[in-house]
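Data first, discussion second: the structure below is written as structure tokens.
The values are calculated or read from the model by the stated rules, or taken from the named source; none is laboratory data. Model, not experiment: these values are computed from the prediction. For neighbour counting, all protein chains shown are included, and Cβ atoms are generated from backbone atoms with ideal geometry for every residue, glycine included. Protein only, heavy atoms only, side chains kept; ligands, DNA and RNA dropped before computing areas. Shrake-Rupley method; radii C 1.70, N 1.55, O 1.52, S 1.80 Å.
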Amino acid sequence: MPIASHPFPTRRFVLSAAASAAFSLALAPLTARAQGAPGGPKLKIATIGAGREGGALGSLFVKEGHSVVFSSRHPEQLKDFVVGLGPLAQAGTVAEAVAFGDVVLLVVPYAAVAEIGKEHAKALAAKKLVIDVSNPIARRDGEDFVKQVNDEGGAGLATQKALPGAHIVRAFNAIGFAQLPTLAHRPGEPAGVPIAGDDKEALALAADLIKEIGFEPVVVGGLAMGKYLVPGTPLGGVHTPAEIKQIVASLK
């Protein structure tokens, strides 16, 4: 019989409603956390690469209430790491991470970018944003490879070529992993993060996420400027937003 047909609630109904309300109240904090309350639902983040840089950067998003899947070729080796970060962190394969994330952090040796493109370019093109944190480094990737990347217009344009259709923004390319936790939300003037991209919506989303984890994004130009966002260039290292703008003006 429908509840509405009872002019007065029965004792069983009252107890059932009270139990339901108590359960809902107990569940509310967990639901709010999963959605990133009070700011509403949080984007799901995936990392391709969970080494020192990928681990440090992904951890900052976990602290802000995002669910993050950290991926590597051996996700079982990440078990202790993700357990230490709490229930919002998980480990998975690259394919699992790509399937999970609304936003993907690409944090791998640059020589691996093309291979990732071969396997996951279509899926990555469907994401809201791919943040390219990878850099071509001669001592690791080889002088010939770095020359090849530079001949293609540098990191940024080369990433776009490897991941056609992806909404790419280069960011966090020249700040060391050990500095990220101390620079995030630092007192006073925030640390600046130069970012480069051709997609306005992707740039806006990247800027919002960067601000959320305690840095100040500075758009330096399109992906063609991505070649300057590597260690050893004038934009490498830690700078204030004003300093980044001054450096960029000298590069043009």
Exercise. Does residue 113 meet the test of being part of a loop (DSSP other than H, G, I, E, B) and closer than 28 Å to residue 236 by Cα?
Worked result: no
Problem set entry | Test: residue in the stretch 123-134 that is outside any strand (DSSP E or B), surrounded by fewer than 20 Cβ atoms within 10 Å (Cβ to Cβ) and of a type in the set (S, T, N, Q) | no
Problem set entry | Only one of 176, 188, 237 that is under 20 Å from residue 54 (Cα atoms) and more than 19 Å from the chain's Cα centre (by Cα) | 237
Exercise. When only residues in the stretch 212-227 that are free of Cβ contacts under 8 Å to residues at least 40 places away in the same chain and open to solvent by 50 Å² or more (accessible area, probe 1.4 Å) count, which is farthest from residue 43 (Cα to Cα)?
Worked result: 219
Exercise. Considering the stretch 196-220 alone, what residues qualify as being touching a Lys or Arg at 6+ places or on another chain (Cβ under 8 Å) and within 19 Å of residue 158 (Cα to Cα)?
Worked result: 196, 197, 202
For this session: State which residue is surrounded by the fewest Cβ atoms within 10 Å (Cβ to Cβ) when the search covers only the stretch 228-243 and only residues that are out of contact with any Asp or Glu (no Cβ under 9 Å at 6 or more places or on another chain) and assigned to a helix (DSSP H, G or I).
Result: 243
Problem set entry | Near pairs, Cβ below 6 angstrom, 6+ apart or cross-chain, from the stretch 143-160 (surrounded by 15 or more Cβ atoms within 10 Å (Cβ to Cβ) and modelled with pLDDT of 95 or more) to any residue that is charged (D, E, K, R) and not in a helix (DSSP H, G or I) | 156/170; 158/152; 159/132
Exercise. Among the acidic types (Asp, Glu), more than 17 Å from residue 234 (Cβ to Cβ) and part of a loop (DSSP other than H, G, I, E, B) - does that describe any residue in the stretch 152-163?
Worked result: yes
For this session: Give just the number: which of (1) open to solvent by 30 Å² or more (accessible area, probe 1.4 Å); (2) under 17 Å from the mean Cα position of the chain (by Cα) does residue 114 not satisfy?
Result: (2)
